[in-house]
1. Taking Glu79 and the conditions (1) acidic (Asp, Glu); (2) modelled with pLDDT under 90; (3) loosely packed, with under 12 Cβ neighbours inside 10 Å, which numbered condition does it fall short on, given that it satisfies the others?
2. Identify, please: which residue in the stretch 30-53 is part of a strand (DSSP E or B), of a type in the set (A, V, I, L, M) and under 17 Å from the mean Cα position of the chain (by Cα) and is, among those, nearest to Arg18 (Cα to Cα)?
3. Report, ordered by the first and then the second residue, all pairs with beta carbons closer than 6 Å, sequence separation of six or more or different chains, a first member in the stretch 9-23 that is in contact (Cβ under 8 Å) with a residue 60 or more places away in the chain, and a second member that is in a loop (DSSP other than H, G, I, E, B) and not basic (Lys, Arg).
4. Do we have any residue at all in the stretch 54-68 that's within 14 Å of the chain's Cα centre (by Cα), charged (D, E, K, R) and at pLDDT 85 or above?
5. Which members of the stretch 57-73 meet the condition of being surrounded by 16 or more Cβ atoms within 10 Å (Cβ to Cβ), not in a helix (DSSP H, G or I) and not polar (S, T, N, Q)?
6. Out of contact with any strand residue (DSSP E or B) (no Cβ under 8 Å at 6 or more places or on another chain) and either under 17 Å from Phe25 (Cα atoms) or modelled with pLDDT of 55 or more (or both) - does that describe any residue in the stretch 94-107?
Amino acid sequence: MEGARGNLAKIILRFGSRRMANAVFGAMEPEAKAAPTGRSGVGISKAGNAVEISIRSRDFSSLRAAVNTYLRLASACQEAIEALEGLGEEGANPSRPLSGCSATRRRPPPGPGRRS
């Protein structure tokens with residue numbers, strides 16, 4: 001939000017590795033570029049294993065909403081990446097279904113106008 005005055009929040013998220021910071025930054029950058037409202041503006045940058053999010057808003061309630069949104073997004077990104085990395089560590093075989101999942105496709109029962 002260019003020229004916006006009012007409230008500013010700067011959030012620095014430090015991750016355990018540059019790889020995680022790069023992944024979270026890559027997931028969050030498109031969201032920051034396409035801010036959903038005109039009430040707040042978001043900038044995002046990366047340095048080493050840290051991601052910095054700057055949120056500027058005209059009013060406090062929109063600042064609070066934007067901070068909550070970006071913190072939740074960062075948390076969800078990190079959890080998803082850690083879950084995927086965990087699959088690789090357990091030796092997950094992409095051609096084998098995860099436990100509890102069925103790889104077989106069930107056919108729907110024959111109905112009117114369907115052939116068996």
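The values are calculated or read from the model by the stated rules, or taken from the named source; none is laboratory data. Only a predicted model underlies this, so the values are computations on that prediction, with no experimental measurement involved. Using ideal geometry, Cβ is built from the backbone for each residue, glycine included, and neighbour counts are taken over all protein chains shown.
1. That leaves (2) as the condition not met.
2. Step by step, filter the stretch 30-53, then rank; the result is Ala50.
3. Qualifying pairs under 6 Å: Phe15/Asn49.
4. There is no residue in the stretch 54-68 that is within 14 Å of the chain's Cα centre (by Cα), charged (D, E, K, R) and at pLDDT 85 or above.
5. Across the stretch 57-73, the qualifying residue is only Arg58.
6. Start the filter on the stretch 94-107 by keeping residues that are out of contact with any strand residue (DSSP E or B) (no Cβ under 8 Å at 6 or more places or on another chain), which leaves 94-107.
Then drop every residue that is not either under 17 Å from Phe25 (Cα atoms) or modelled with pLDDT of 55 or more (or both), which leaves none.
No, the conditions are met nowhere in the stretch 94-107.
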